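Structure first, commentary second.
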Amino acid sequence: MPSPRLLSGSLAHLLSDNALEHLRAAGIARHAELSTSPEGLRGLLTRRGLPVHEALVSLEAQAGGAAFPGGRVLGAACFLRACPSLRLRDLPEITEGTALPIYGLPDHLAEWESPFGLMSASGAISLFDAPFGPVPAFSSLEHFLEVLALAPLSGGLHTLRVNALCGETLAGLVGALPHAAAMGEYTSGWIGTGVWVKELRIALPDGRDWSGHHGTFISTEHTDLLVDTIDLLLEQGFRLGYQGPSSEPQPGEPLVLSFVDENPELGYRTRTRVNVWGRRHAYKISTQPEPTTHRETTTNRPQSH
């Protein structure tokens with residue numbers, strides 16, 4: 001079996017140095033068993049009675065079979081093989097016409113059990129998380145990957161979600177500059193020194209927010225910067241969410257601040273308590289389920305830290 005090929009090598013001519021660096025560092029590779037040739041994909045689509053979009057064929061040729069953290073795969077053939085029963089009638093309807101799954105968990109496709117990216121004939125990518133969506137999100141494969149790999153694809157990264165569209169303001173606070181390749185109708189991105197900010201304006205048709213795809217997100221490994229930002233935002237009354245490493249404090253470590261993430265993931269009704277412990281240069285963040293009867297987001301901030 002051929003060795004996996006790094007996705008950064010296949011797309012070196014299309015993506016920014018920032019995205020390529022993060023894809024390379026994460027070891028995102030294309031696996032032959034998860035992809036097929038352009039001719040093979042055309043055959044799969046034709047036998048199913050599905051449209052043969054050239055944008056889809058191009059995606060498969062350039063990036064098919066790329067495996068991402070969490071078991072998500074980028075491509076087309078992997079989804080067709082994972083769901084042999086998939087037919088035109090099974091696909092969600094979008095205004096741009098028929099769109100096919102190109103990103104997500106292949107094993108979940110039969111029942112649409114988790115979020116998926118869908119590509120239409122134009123190459124634009126929509127997001128769908130049954131029964132919500134699909135909604136337009138990215139103009140092209142390149143745009144999708146620039147936003148996906150704006151920050152390092154690392155489990156050690158702390159990501160703060162702000163339930164507001166305030167990317168430019170927050171980027172100014174942390175010294176991040178606009179990243180042109182991530183700018184689009186529904187997205188904006190900024191890059192600083194060890195910090196990345198993105199604003200996602202991807203909303204459901206009825207106007208409801210999509211917690212993982214709507215708001216402003218700050219990612220960094222620097223906990224001092226993160227805690228300073230959290231403190232300021234809580235003081236201003238913003239609602240926040242958090243994803244990243246969680247570790248329990250040592251006995252005697254002081255509680256610095258606390259807030260409730262009211263919607264950590266679309267589709268879940270759980271609420272998560274996020275606590276920051278310790279002292280400057282040695283903060284720890286812990287998360288735990290919040291009782292559903294507690295309806296108010298509370299904060300606990302010291303005078304200084």
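The values are calculated or read from the model by the stated rules, or taken from the named source; none is laboratory data. Everything numeric here is computed off the predicted structure, so don't read it as measured data. In this analysis, Cβ positions are derived from the backbone assuming ideal geometry, glycine residues included, and neighbour counts consider all displayed protein chains. Just so you know, the surface numbers come from the protein's heavy atoms only, side chains and all, with ligands and any DNA or RNA stripped out. Shrake-Rupley method; radii C 1.70, N 1.55, O 1.52, S 1.80 Å.
Points to keep in mind about this one:
- Kirkwood Rh in Å, taken over the stretch 177-264 so that all alpha-carbon pairs contribute: 15.0
- Net charge, residue 19 excluded, C-beta distance under 14 Å - Lys, Arg +1, Asp, Glu -1: -2
- Positive-end extreme of charge dipole, the chain - chosen from 127, 4, 165 (charges on Cβ): 4
- Theoretical ellipticity at 222 nm over the chain - DSSP helices of four or more residues, -39500 (n - 2.57) apiece, nearest 500: -6500 deg cm²/dmol
- The residues of the chain present an accessible area of 46 Å² per residue when probed at 1.4 Å with all protein chains retained.
- For the chain, the Cα-based Rg and Dmax, in that order, read 20.4, 66 Å.
- Protein accessible area in the stretch 1-158, 1.4 Å probe - carbon and sulfur %: 53
- Fully extended contour minus Cα-Cα distance, from residue 46 to residue 130, at 0.36 nm per residue: 27.7 nm
- Radius 14 Å from Cβ of residue 141, net charge of other residues (Lys, Arg +1; Asp, Glu -1): -3
- The 3J(HN,Hα) values that the Karplus relation (6.51, -1.76, 1.60; θ = phi - 60°) gives for the stretch 110-116 are, in residue order, 4, 10, 6, 7, 8, x, 9 Hz. Gly and Pro appear as x.
- Sequence-separation-based contact order of the chain, relative, with Cα cut under 8 Å and 6+ spacing, percent: 11
- For the stretch 120-190, alpha-carbon Rg over 2.2 N^0.38 Å: 1.23
- For residue 257, the residues whose amide H sits under 5 Å from its own are 276, ignoring neighbours fewer than 5 places away on the same chain, with H placed 1.01 Å from N.
- Using 0.36 nm per residue and subtracting the Cα-Cα separation, the extra length available between residue 180 and residue 246 on full extension is 20.5 nm.
- By average C-beta atoms within 10 angstrom, highest first, the peptides 211-218, 107-114: 211-218, 107-114
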